[in-house]
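S.K.: The structure is given below, and queries will be raised subsequently.
The values are calculated or read from the model by the stated rules, or taken from the named source; none is laboratory data. From a predicted model like this one, the values you see are computed outputs, not experimental measurements. Glycine gets a Cβ as well: all are built from the backbone with ideal geometry, and neighbour counts include every protein chain shown.
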Amino acid sequence: MNLEEAIQTAIDYEEKVRDVYVHARADSINDIGRRVFKALAKEEQGHVDYLQLKLAELQNTGRVTAEELKTILPPSEVIKQSVDKLENRLAADDRDNETRLLKKALQVEVETSNFYQQMVKELEPEGQKFFAPFLVIEEGHVTLVQAELDCVSGTGFYFDMQEFSLEM
């Protein structure tokens, strides 16, 4: 896959992830869940816009410059506080709905992260440098969605850490 094809494929992945968040926001019955899905949809739309700009740059100049890719998501401590609030406010019915939405979000985030990981391994150095920031951000999205999913589903794990142990 060449860099132009990789950027176009990345646009497709980002649009898919964005659409999942847009639909999840509409389907969510929890205010905090809706805010999280809205923020993630906005983040993914920013990726789409950036990638489209860079695709045009590549097509016009034959080169692409990697600029700093920023995230709109808050620091992990703020995310943790929001997840804590979400856990305390969700009724059982809300949990089932939010769990379903978060599972779909996690699936597309993992697919997208895997794509970026593949691009960082397989492309020429210019493409690797271009996609490396996306990999970091998408891995952060996977972590965030997994933490939210752990919280609402009551798995006993939180940010991939077991909250309790049955062993003595």
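S.K.: Looking at GLU67, GLU43, which one is in a helix (DSSP H, G or I) and either buried (at least 19 other Cβ atoms within 10 Å of the Cβ) or without any contact (Cβ under 8 Å) to a residue 24 or more places away in the chain (or both)?
M.R.: GLU43
S.K.: Further, regarding this structure: When ASP93 is evaluated against the numbered criteria (1) at pLDDT 90 or above; (2) surrounded by fewer than 21 Cβ atoms within 10 Å (Cβ to Cβ); (3) among the acidic types (Asp, Glu), which criterion, by number, is the only one it fails?
M.R.: The single condition ASP93 does not satisfy is (1).
S.K.: Checking the structure you have, find out if any residue of the range 105-121 is in contact with a Ser or Thr (Cβ under 8 Å, 6 or more places away or on another chain), of a type in the set (Phe, Trp, Tyr), buried (at least 19 other Cβ atoms within 10 Å of the Cβ) and at pLDDT 85 or above.
M.R.: Yes: one or more hits.
S.K.: Please name all residue pairs, on different chains or six or more residues apart, with Cβ atoms under 9 Å, provided the first residue is in the range 111-123 and is under 8 Å from ALA10 (Cβ atoms) and the second residue is part of a loop (DSSP other than H, G, I, E, B).
M.R.: From residues that are under 8 Å from ALA10 (Cβ atoms), the pairs are MET119/MET1.
S.K.: While we're on this one: For the range 29-40, give me each residue that is touching a helix residue (DSSP H, G or I) at 6+ places or on another chain (Cβ under 6 Å) and either surrounded by 21 or more Cβ atoms within 10 Å (Cβ to Cβ) or assigned to a helix (DSSP H, G or I) (or both).
M.R.: ILE32, GLY33, ARG34, PHE37, LYS38, LEU40, listed by residue number.
S.K.: Identify, please: which residue in the range 9-36 is more than 19 Å from LYS121 (Cβ to Cβ) and of a type in the set (S, T, N, Q) and is, among those, modelled with the lowest pLDDT?
M.R.: ASN30
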